[in-house]
Amino acid sequence: MTRLIITLVLVLLIDIYVFQAVRTVAAGMLPSARKAVYVVYWGISLFTLGTLLLALLTRGSAPNPVRMQVANVLFILFISKLVVVLFLLIDDLVRLTQWLSNTLRGPGQPKFDVGRHKFMSQLALIMGAIPLGTLIWGMVKGAYSYQVKRVTLKFPNLPPAFDGFRLLQITDMHSGSFHSGEPLQKAVEIINQQAADVVVFTGDMVNNVASEVEPYVPTLAKIKAPVYSVLGNHDYGDYVQWGSREAKIQNLDTLKQHQRQAGWDLLLNEHRVLERDGQRIALLGVENWSTRMNFPRYGSLAQAHAGTEQIPFKVLLSHDPSHWDGEVNTKYQDIDLMLSGHTHGMQFGVNIPGFKWSPVQYVYRQWAGLYQKGRQSLYVNVGLGFLGYHGRVGFLPEITVFEFKRA
C-alpha cells in the first residue's frame, strides 16, 4: 500500500508541475479557451491516476486487450511529461540563479519577476510533443515494420558441407500483444521468402499465458523450414497469480503443446544434430538462464551440451544474452555462436549505421546485434513483437538471416 501511495503521489506531482507550463502558455487565451484547456488537461490527468490505481490493484491478473491499450497511451503521455519536466527544471534553475544574483547584489536592483518564462514553457511543451509524436508513430507504423537483417559469419571449423548454410532467427513474439492475425501472417510470409535451411525461435512466445498464442498456431505452422525453439522468461507464467501450482504447470504444458501443434521442435536443455553429406553440426537449446536475479534460471547448458563434445561446430539458443558472459564464453568455449533475444532494444532508441543507442544498454552489456569474443560470437535479435509499449521506434521488429561461411 505504501508503494501504491508513493507512486500515485509522484504522478500527481508531475502533473501539477507540467501544468505550470500549460498555465503559462494559456495565459494569453480567451477565458473560455483557457478553461477548456484546463479541463482537458486535468481530465486526462485524473484518468491517468484512476487507471494507474486500477492497474496496480489488479497487477498479476490475466491480460486484457483494453487495459493494455490504455496502459500504452498512458505510458506515452508519461514519457512526454517527463521531457516537459526536464525543460521546466532548466527554467527553474535559471530563475533561481537570477533570484540569488539579485539578492546578493542588495537593494536597488530591478524587481525579480517570479513568473515563469513563457518561452521556456512553450519550448518545454514543444519538446514534450516530440516523443509524443514519435511514440505514436511507433505504435501505428513501427510496430509492424518488419526488418530483414542479413549477417554473414565465417568460421574456420565449419564443416565444408555447411558452407552457405542459412539459419533464420526470430524471437520475442509476445503473441498476447497482437490484436489480429494479420501482422503475424505478414511476418510468416517474409520468413518463408528467405528460404532458410532452418528457423530458430529464441523465446517469449507469449506475454503471460499459453492461451495468447492459440489463435496464431495455424499461422505459425505455415513456416516452411524446420523450426527449433526455446523458452523465454515470459513463457513460464511467472508474472501471473495462479490459483494453484498445478494451474501454472498446466499452462506451461499447454504452451509446449501449442509449439508441437505448430510443428516446432522445442529444445528443453537438449540438442539436435543437423547432418549434411555425412558431416554434422549441433544445435543446442536451453531453458531461460539469466545472471539477473529478477529473471528465472531454469536452463542447464551442461545437460544440453552433453553428447556434443565430438561435434566440431555448435550453435546455442539461449533467450537471455546475459548467459553469454555468465557461463558460455567462460565454461563452453567450443560453442561457436549463441543466439539470444530478450532485450527488445527496449523498443526505443537510435539505430543508424555506425551508431546505436538505447536505454537498455545501461542494463545489458550485449543488447542488440553482433558481439564477438575470441572465436565465439553472440547475436542479440531485438525481437519480432512488443511488450508494454505497443510500438517500436529505432529498433524495429527484426527477422535475422545468417549465412555460415567456411573461413
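The values are calculated or read from the model by the stated rules, or taken from the named source; none is laboratory data. Source: prediction; values computed, not measured. Using ideal geometry, Cβ is built from the backbone for each residue, glycine included, and neighbour counts are taken over all protein chains shown.
Within the set of pairs 6+ apart or on separate chains, which have a first residue in the range 308-325 that is of a type in the set (Asp, Glu), a second that is crowded, with 18+ Cβ neighbours inside 10 Å, and C-beta atoms under 6 Å apart?
From residues that are of a type in the set (Asp, Glu), the pairs are 320/290; 320/342.
Output yes when any residue across the range 243-266 is in contact with a strand residue (DSSP E or B) (Cβ under 8 Å, 6 or more places away or on another chain), in a loop (DSSP other than H, G, I, E, B), surrounded by fewer than 16 Cβ atoms within 10 Å (Cβ to Cβ) and modelled with pLDDT of 95 or more, and no when none is. Spell out the reasoning first.
At the first step, the residues of the range 243-266 found to be in contact with a strand residue (DSSP E or B) (Cβ under 8 Å, 6 or more places away or on another chain) are 256, 259-260, 262-266.
Next, only the ones that are in a loop (DSSP other than H, G, I, E, B) stay: 262-264.
Those still in the list that are surrounded by fewer than 16 Cβ atoms within 10 Å (Cβ to Cβ) too: 263.
From what's left, modelled with pLDDT of 95 or more: 263.
Yes, that holds for at least one residue.
Do we have any residue at all in the range 283-291 that's farther than 20 Å from residue 366 by Cβ, over 25 Å from the mean Cα position of the chain (by Cα) and modelled with pLDDT of 95 or more?
Just the residues of the range 283-291 that are farther than 20 Å from residue 366 by Cβ, to begin with: 283.
Then keep just the ones that are over 25 Å from the mean Cα position of the chain (by Cα); that gives 283.
Filter again for modelled with pLDDT of 95 or more, leaving 283.
For the range 283-291, residues farther than 20 Å from residue 366 by Cβ, over 25 Å from the mean Cα position of the chain (by Cα) and modelled with pLDDT of 95 or more: present.
Considering only residues that are modelled with pLDDT under 65 and in a helix (DSSP H, G or I), which ones fall in the range 57-91?
We begin by selecting, within the range 57-91, every residue modelled with pLDDT under 65; these are 58-65.
65, the sole residue that qualifies.
Between 182, 212, which is acidic (Asp, Glu) and closer than 28 Å to residue 246 by Cβ?
On the way: 182 fails: closer than 28 Å to residue 246 by Cβ.
Criteria check complete, one pass: 212.
How about the range 176-202: which of its residues are touching a residue at least 40 places away in the same chain (Cβ under 8 Å), closer than 17 Å to residue 215 by Cα and in contact with a Pro (Cβ under 8 Å, 6 or more places away or on another chain)? Steps first, please.
Our first condition is that a residue be touching a residue at least 40 places away in the same chain (Cβ under 8 Å); within the range 176-202, this holds for 176-179, 183, 186-187, 190-191, 194, 196, 198, 200-202.
Adding the requirement that they be closer than 17 Å to residue 215 by Cα leaves 176-179, 183, 186-187.
Listed by number, the residues that qualify are 176, 179, 187.
I'd like the full set of residues that are hydroxyl-bearing (Ser, Thr, Tyr), at pLDDT 95 or above and part of a loop (DSSP other than H, G, I, E, B), limited to the range 157-192. Quick ask: steps written out before the conclusion?
So in the range 157-192, the residues hydroxyl-bearing (Ser, Thr, Tyr) come out as 171, 175, 177, 180.
From the residues that got through so far, the ones that are at pLDDT 95 or above too are 171, 175.
Selection gives 171 alone.
What residue, of 308, 343, is under 30 Å from residue 76 (Cα atoms), in contact with a strand residue (DSSP E or B) (Cβ under 7 Å, 6 or more places away or on another chain) and not assigned by TED's automatic domain parsing to the domain that holds residue 75? Break it down stepwise before answering.
Numbers: 308 fails: under 30 Å from residue 76 (Cα atoms).
Step by step, each of 308, 343 is checked, and only 343 is under 30 Å from residue 76 (Cα atoms), in contact with a strand residue (DSSP E or B) (Cβ under 7 Å, 6 or more places away or on another chain) and not assigned by TED's automatic domain parsing to the domain that holds residue 75.
Out of all the residues in the range 1-58, which are among the basic types (Lys, Arg) and under 30 Å from residue 388 (Cβ atoms)? Lay out the reasoning, then the answer.
First pass over the range 1-58, keeping only residues among the basic types (Lys, Arg): 3, 23, 34-35.
Result: 3, single match.
Check the range 35-45 and report whether any residue there is modelled with pLDDT of 90 or more, within 21 Å of residue 122 (Cα to Cα), among the basic types (Lys, Arg) and assigned to a helix (DSSP H, G or I).
Yes, that holds for at least one residue.
Let me confirm something: among 309, 327, which residue is over 23 Å from residue 395 (Cβ atoms) and part of a loop (DSSP other than H, G, I, E, B)? Before you say what the answer is, go through the steps one by one.
On the way: 327 fails: part of a loop (DSSP other than H, G, I, E, B).
After applying the criteria, what remains is 309.
What is the number of the single condition among (1) over 21 Å from residue 252 (Cα atoms); (2) buried (at least 23 other Cβ atoms within 10 Å of the Cβ) that residue 310 does not meet?
(2)
When only residues in the range 72-94 that are farther than 14 Å from residue 20 by Cα and more than 33 Å from the chain's Cα centre (by Cα) count, which is surrounded by the most Cβ atoms within 10 Å (Cβ to Cβ)?
Taking the candidates together, the pick is 94.
Among the residues of the range 351-386, how many are surrounded by fewer than 19 Cβ atoms within 10 Å (Cβ to Cβ) and not in a strand (DSSP E or B)?
Residues flagged as surrounded by fewer than 19 Cβ atoms within 10 Å (Cβ to Cβ) and not in a strand (DSSP E or B) within the range 351-386 amount to 9.
Is it the case that the range 203-223 has a residue that's in contact (Cβ under 8 Å) with a residue 24 or more places away in the chain, of a type in the set (Val, Ile, Thr) and in a strand (DSSP E or B)?
There is no residue in the range 203-223 that is in contact (Cβ under 8 Å) with a residue 24 or more places away in the chain, of a type in the set (Val, Ile, Thr) and in a strand (DSSP E or B).
With respect to the numbered conditions (1) under 22 Å from the mean Cα position of the chain (by Cα); (2) part of a loop (DSSP other than H, G, I, E, B); (3) at pLDDT 95 or above, which one is the sole condition not fulfilled by residue 334?
(1) is the only condition that residue 334 fails.
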